[in-house]
Amino acid sequence: MATDPHITSAQEVIICDLCETPARQFCNSCQVSLCLDCIGKHIDSIQTLKHDVVQFKDRKVQLVYQECGSHSGQRCEAHCSRCNVPICMICVISTHNGHTIRLMEDVVSELKSEIQHETRDIESNLLPVYKKMTENTEKDIGKLTQEFNSLESDIEKLRKSWQQEVDAIFNKVCSMIKSIRENHLTVLASHQSLLENQIQEMTKTVQQNKEIHQSNKVSEVTNHQSKLTEYKEIPTIVQQPIPSLNSNTDPGKELTIELGEYTATLKQAELSSQRDAKFSSMSTKDLLDRAKVIATSSTGVESLWRISCLGTDEAWLSGKGKTITRVDIDGCVRESVTSTCQKTPVDIAVTKNDELIYSDSDHGTVNIVKNGVSETLITAPRGWSPKGLCSTESGDILVNMNSGVQNKVVRYKNRKIAQEIFKDDKGDLIFGKDKWMLFLVENRNEDICVSDFITNSVVTIDKVGRVRFRYKGSPAGGPKPFSPRQIVTDSLGQIIVADYNNVCIHILEQNGQFLKCLDKCGFHSLCGLSIDNMERLWVGLIENGNVKVIQYMK
């Protein structure tokens, strides 16, 4: 039996629901308390329905049935299971004749039972887990701080054993420690904030569920949407290793210090000549004075928008239509895949395991192709659509999520959200506000390079989500405004981006310094850009579907 919301103590006065006058009457049909003056006003406000107005002491607690949209003056006291809609008795014998019909009272009772079960599940099972994880995160922050304090203390002790000439090295080490420490704490603090936000959201949901469970309004119960599945996707934290510190000293000959992957070695002869540490690095490749077109092939792809290299001599292509095509360097079709998209894939990429993935904004998913068949890899959060894609060296998937008015970059680790990037340190939005996508690539230093043609800029963000720099084009690129499209990086960490307006390719060094433009390769209308294992650029031309393979380094 429903709980009577109007039961009061003898000292309390029942107030009219339409004004502040004491109530003497009650509408059983609408479950509304009324004073004598408001009876007519209430009946006039809903003239199409019957109103059972009685003395307040004779009131009956019952469900408030909504008015039938098809038959004026009729309340929906039944529910059509086949059509999943509330219906009135006239509907039962007319438009829904022969369908499976249930009493709305039974449907509401069943739904309230489910809501009650969901509420218990959140309160008893999920909230304790989130709160426990929050406590553990706080402990991890304390432990991390102690370990870094100890690490810094060891560094200071070691500093005293080195000569004054190596201070520059230790200053660098301390700077790295500070940066790593901040990164670690930022990750943990971000995780803690995510947990706390989820706890607040779940607490709010519990309160809303309780209110709906106590409600007699059918529409509130039937419109309830469960968030239980969403809450059961408990966020995980990526454990960041603390760098180890090692040192070796051979007085008069060699001094060495190691912090994680950073190594500095000083020898006596080197100290006397240049007083600097020597660091190992890969050999430098020089850019060609003029890029060379190695191959040009006709692919037959209409409006060639996206290209993603596979190994050395093959690439996946997509344009207008559902089909994604794998071609070799001569343009010969090796494989075709029909995507699940209604129109066309928004973006394509190849994972570190050489598997094709693509974004299907029509269905809100990122799909992976296995043996020619599409499988759902990631489902976008409610209200967001997946756009740009990037598969990282670690196996994570970076996805540009777009809400229609806002963009963000989301890192997925093992199909779960591990990081979201959309605001800078000042709380301002990093990316342009519009329905258009972002192009993504991860650099070798784990920076995320984002081609944002909403703001006509390339934004580079470090791995914890802080903006490092923005590149807005160079006069060398051409007279028109810089309009970036697909973006790649090479083994030197150089950032390479297609400029749609000026029909050229900009090359930047890792820290955003402009190096040169490639613009004498017979481009007409470029958008698609990728790089193969031999560090050759594959450029897709929109207007004719041709692919040019370009050598730009010696």
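The values are calculated or read from the model by the stated rules, or taken from the named source; none is laboratory data. Because the structure is a prediction, the values reported are computed rather than measured. Neighbour counts run over all protein chains shown; Cβ positions are idealised from the backbone, glycine included. Just the protein is used for accessible areas: all its heavy atoms, side chains included, with ligands, DNA and RNA removed. Shrake-Rupley method; radii C 1.70, N 1.55, O 1.52, S 1.80 Å.
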Inset, instruction - Using a 1.4 angstrom probe on heavy atoms only, work out the carbon and sulfur share of the accessible area of the chain in %. - result: 46
Inset, instruction - Could you point to the label whose value was computed as Kirkwood radius over Cα pairs in Å for the structure here, given (1) 29.0; (2) 25.2; (3) 23.8? - result: (1)
Inset, instruction - Give me the angle, in degrees from 0 to 90, between the Cα long axis of helix 104-121 and the longest principal axis of the Cα atoms of the chain, rounded to the nearest 10. - result: 40
Legend entry - Relative packing of 372-378, 447-453, which averages over residues the other C-beta atoms within 10 Å, highest first: 447-453, 372-378
Legend entry - Rounded to 10°, Cα long-axis angle of helix 127-159 versus longest principal axis of the chain: 20
Legend entry - Whole-Hz ³J(HN,Hα) from phi, Karplus 6.51 cos²θ - 1.76 cosθ + 1.60, for the range 392-397, glycine and proline x: 8, 5, 7, x, 5, 10
Legend entry - 3J(HN,Hα) from dihedral phi, the range 454-459, Karplus parametrisation 6.51/-1.76/1.60, rounded to Hz, x for glycine, proline: 5, 9, 6, 8, 9, 10
Legend entry - Highest average packing first - 39-46, 348-355, Cβ atoms within 10 Å: 348-355, 39-46
Legend entry - Other-chain or far-sequence residues with amide H under 5 Å of Lys423's (modelled H): Ile430
Inset, instruction - Using only the Cα atoms of the range 1-149, build the gyration tensor, take square roots of its eigenvalues as a ≥ b ≥ c, and label the shape rounded, prolate or oblate: rounded if a/c is under 1.5, else prolate if a/b is larger than b/c, else oblate. - result: oblate
Inset, instruction - List the residues whose amide H sits under 5 Å from the amide H of Val64, counting only those 5 or more places along or on another chain, with H placed 1.01 Å from N in the peptide plane. - result: Val218
Legend entry - 5 angstrom amide H check on Leu310, placed H, neighbours 5+ away: Ala315, Trp316
Inset, instruction - For Met553, Met133, give the ranking by accessible area with the largest first, probe 1.4 Å. - result: Met133, Met553
Inset, instruction - Using the Cα centre as the reference, give the magnitude of the dipole from point charges on the C-beta atoms of the range 40-190 (Lys, Arg: +1; Asp, Glu: -1; all else neutral), rounded to the nearest 20 debye. - result: 220
